[in-house]
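Here is the structure we will look at.
Derivation of every value follows stated rules applied to the coordinates shown; laboratory data play no part. For clarity, every value in this text was computed on a predicted model and none was experimentally measured. As a convention, Cβ positions derive from the backbone with ideal geometry for all residues, glycine included, and neighbour counts pool all protein chains shown.
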Amino acid sequence: MKRVFLFSALVLGSFLGLKAQNVDVNKPQMSESVGMVPIQKGNWMVGGSLGSMGYSFEGESFNVNINPRAGYFVSDGIAIGLALNGGYGSVKDDEDNWTYGIAPFVRYFFPEGSSATGRFFGQGEVGIAGANKGSDVTFAAGVGLGYAHFITRSVALEAVVGYNYSKANNASAQAQNGLGFNLGFQIYLPGQGNR
């Protein structure tokens, strides 16, 4: 009986000792309350979508793109900048296609519906695009709605749903338009007066 009592006391003491310890576990940071700080006039944003996928209604093609971008906040919540586009497309019953492009963009962060850790935004871009199949560049435009979720004071994860259009200037390529979905990130850098 003494052994059972001693064993029970030892197990109970060990359990209470473990329970009483304050275990400091480093959990990854999932959000940061930033308010308007990252999107103030004079700040910069650098980043882009790491991968976007889309399906063209007209050409029955699937594409994957990488879209780095950099912008400057000309006023609170409004950024203008330049986006580069590079991608790969698989076209039904045709050769694979490599694309490239450059486009100035404007992005507006909506004050309505925002939280301390995230912002909804709309963006538009107009530029030029080309592909390895043709020698001419094309007119390209796109609009999108997205959400930026801040995981730190200067880094946000983004999701954007949009519509893209390009008009070819030669007969070897065809006009393409369709919906797209982008996932990416942005780094928000404070300007000189915002540090």
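Hey, if you put +1 on the Cβ of every Lys and Arg and -1 on every Asp and Glu Cβ in segment 89-159, which of Phe121, Ser154, Val137 ends up farthest toward the positive end of that dipole?
Ser154
Roughly what would the spin-label model give for Val37 and Ser115, points 7 Å off Cα along C-beta, in nm?
Result: 1.8 nm between the two label points.
Show me, for segment 110-116, the HN-Hα J-couplings you get by feeding each phi into the Karplus relation (A = 6.51, B = -1.76, C = 1.60, θ = phi - 60°), rounded to Hz, glycine and proline as x.
6, x, 6, x, 8, 10, 5
If I model a spin label at Asp136 and Val46 as a point 7 Å from the Cα along the Cα→Cβ vector, what separation in nanometres do I get?
The modelled label-to-label distance comes out at 3.7 nm.
Between Trp98 and Thr152, what is the label-point separation in nm under the 7 Å Cα-to-beta-carbon projection?
Spacing of the two 7 Å Cα→Cβ label points: 3.3 nm.
Can you tell me how much longer the chain between Phe62 and Leu179 gets when fully stretched, taken as 0.36 nm per residue apart minus their C-alpha distance, in nm with one decimal?
41.0 nm
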